[in-house]
Each structure stands twice: as C-alpha cells, then as structure tokens.
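S.K.: Input: one structure, supplied below.
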Amino acid sequence: MIEMQDVWKTYPNGVNALTGIDIQISKGEFVYVVGPSGAGKSTFIKLMYREEKPTKGTIFVNGTNVSELKNRYTPKLRRSLGVVFQDFKLLPRLTVYENVAFAMEVIEKSKREIKKRVMEVLDLVKLKHKARFFPNELSGGEQQRVAIARALVNSPGILIADEPTGNLDPETSWEIMKLFDDINYSGTTIVMATHNREIVNTMRKRVIAVENGKIARDQHRGEYGYED
Ligand code: ADP
Ligand code: ADP
C-alpha cells in the first residue's frame, strides 16, 4: 500500500532530511512514526502525500508511483489519502458542515450525496450536533475531530497524521487516539508521526523510529523509546 525504495530527500538549502529509506506498509496497518525533533519524520510523511518530492528513490502509494507523479495528478492522489495536521487547518469562515463538505464539492458530488456522507462522518466523530458551528466555537479536540471527519469524507484507504495530538491535553489526546484506533479497525491504514510517549507505549502498534534521516528501528508492537 505504501512502499519506499532507497528514498533520499535533500532540501534546496543542502540539508539531508532523509538518507536511504526503505519501508513497506501494508493495507490495514497502524504505524507510529517516532524520533527526535529534526530527525526527518515530517519529511517522511510529506513524501507520502506528495507535499515534497524525493531527491532520489521510488515511492508507491496505493499503486501509484508518487515520485514520478505529475502535478496535475496530485489532487487525485490526495483524495485517496486523508491527512490530519497538528494545527487542524480548518477554514475559519466555513461551518463544521462546510469544512467537511468542501472536499466532496471539489469532486462535484451531488448535494444529496454530500449531505448524506457529511452527516455520516460527523456522526462517526460525534459532532453531528455541531454541524452549524464555526471552528472558533469548538474546543481543540472538537476541531481535530472535524479535521478527521474531513480527512475521511472521501473514504480514503490511508489516513496520514502529523502530530495530531500535539496541541491537545492528555485526556483529549486519548479520545483522538481512540478515534484513530476505531478508524483503523474499520480497515483504514494509519500512519501517524507522534511525540506522545504514553500513547505509543500503551497502544503497542508498529513503531518506525526515524533518526538522523534513517530508519533506526522498526518494531511490531513497539515502544516509544525516547525520554523527551
Ligand atoms: P521532524 O519532523 O522529525 O522534526 P523534519 O522532517 O521536519 O523532521 O526535518 C528534517 C530535517 O530537514 C531538519 O534538519 C529540518 O530542519 C530540515 N527541513 C525540514 N523542512 C525543510 C525545508 N522545507 N527546507 C529546508 N530544510 C528543511
Ligand atoms: P439528520 O437528519 O441526519 O439528523 P440533519 O439534516 O437534520 O441530519 O442535520 C443535522 C445538523 O446538520 C443540523 O444542525 C443541520 O442544521 C445541519 N445541516 C444539515 N445540512 C446542512 C447544510 N447543508 N449546511 C449546513 N448545515 C447543515
């Protein structure tokens, strides 16, 4: 489902963010990506949804060679992936409903179809009752749940998250993590960069540790392994 073969990333300023990454992630897996700050976690994740292109190497996502993907095909790729960020990235002038519907409107689904699916995903994240609210009327955890609903609205096979609990208190972080776990149970592959040691050590999923641009560790039912 996701495969990287000898992937390198050097930024224009000369920083070698990733140096020879080989990895395979299968359908239905739940993977935590851990490692010190500056290790290359975000770069690793950005390559998957083609926010960045590799300097060298091959990346397959859902059978598409992302490393060679023409710019005009990136919107299509992004719809087969859901992405969730630390800072939510909701559109402040749109309601919860509209934020989630937006991703379906751009692919010209019918109004009826959109409404049905938006209410379905808002139900999944337990926010149907706040469909008419604006992002600034919601707590951080609720905003992240909207972002998750938005990421899921087009039924992607893969959900990618970069520090999704980084701005949330421990209790809310657990709620969000349980939601990811439920989504994974229903078959969606999840790749999540995180600094949350307690969660990684409790959930016992696959752990890929990135250090200094390399995969330092790849464990089944792994642990966080850092003291930060
Ligand atoms: P992490 O997510 O583990 O903190 P990153 O992937 O963000 O690591 O960064 C890896 C390295 O690449 C760091 O040295 C960082 O400063 C550098 N880097 C990240 N993004 C850019 C960029 N857009 N331009 C130049 N250097 C970058
Ligand atoms: P259900 O019948 O499944 O409970 P509703 O259609 O009653 O769903 O909508 C539930 C919530 O979502 C209500 O607050 C409703 O106002 C809001 N909502 C539904 N459709 C839209 C829309 N197109 N734009 C904005 N809010 C909507």
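S.K.: Can you give the longest stretch of the chain with no exposed loop site, where a site means trypsin sites (Lys or Arg not before Pro) in a DSSP loop (not H, G, I, E or B) with at most 16 other C-beta atoms within 10 Å?
M.R.: 133-203
S.K.: Still on this structure, I have one more. To the nearest 20 debye, what charge dipole does the range 89-155 have about its Cα centre, counting +1 at the Cβ of each Lys and Arg and -1 at the Cβ of each Asp and Glu?
M.R.: Around 120 debye, computed over the range 89-155.
S.K.: Treat every Asp and Glu Cβ in the range 132-228 as -1 and every Lys and Arg Cβ as +1, leave all other atoms uncharged, and give the resulting dipole magnitude about the Cα centre to the nearest 20 debye.
M.R.: 420
S.K.: Based on the Cβ-Cβ distance of residue 202 and residue 29, what FRET efficiency does E = 1/(1 + (r/R0)^6) give at R0 = 22 Å, to the nearest 0.05?
M.R.: 0.75
S.K.: What does the helix-only formula give at 222 nm for the chain: each DSSP H stretch with n ≥ 4 adding -39500 (n - 2.57), the total divided by the residues, and the result rounded to the nearest 500 deg cm²/dmol?
M.R.: -9500 deg cm²/dmol
S.K.: Go through 114, 102, 151 and say which Cα lies farthest out towards the positive end of the charge dipole of the range 89-155; charges sit on Cβ, +1 for Lys and Arg, -1 for Asp and Glu.
M.R.: 114
S.K.: Same structure again: Once amide H atoms are placed 1.01 Å from N in the peptide plane, what residues at a sequence separation of 5 or more from residue 217, or on another chain, have their amide H within under 5 Å of its amide H?
M.R.: 209
S.K.: Continuing with this model, one more query. Report the residue, chosen from 26, 80, 67, that carries the largest GNM mean-square fluctuation when the chain is represented by alpha-carbon nodes joined by springs under 10 Å.
M.R.: 26
S.K.: Sticking with this structure for a sec: Students often get this wrong, so check it: of 178/214; 126/178; 46/70; 27/76, which have C-alpha atoms separated by over 24 Å?
M.R.: Cα-Cα > 24 Å for 178/214; rest within.
S.K.: Out of the chymotrypsin sites (Phe, Trp or Tyr not before Pro) in the range 153-228, which ones are loop residues according to DSSP with at most 15 other C-beta atoms within 10 Å?
M.R.: Hits after loop and neighbour filter: 226.
S.K.: Aspartates and glutamates near residue 205 by alpha-carbon distance under 15 Å, same-chain residues fewer than 8 away left out - which ones?
M.R.: By straight Cα distance, residue 205 reaches 29, 181, 182, 218, 223.
S.K.: Rounded to the nearest whole Å³, what is the per residue volume of the convex hull around the Cα atoms of the range 1-160?
M.R.: 136
S.K.: Residue-wise, which Karplus ³J(HN,Hα) couplings in Hz belong to the range 138-151, taking 6.51 cos²θ - 1.76 cosθ + 1.60, θ = phi - 60°, and x for glycine or proline?
M.R.: The phi angles translate into 10, 6, x, x, 5, 4, 5, 5, 5, 4, 5, 4, 4, 5 Hz.
Throughout, read-outs are computed from the coordinates displayed, never taken from laboratory work. Just so it is clear, the structure is predicted and the values come from calculations on it, not from any experiment. Glycine gets a Cβ as well: all are built from the backbone with ideal geometry, and neighbour counts include every protein chain shown.
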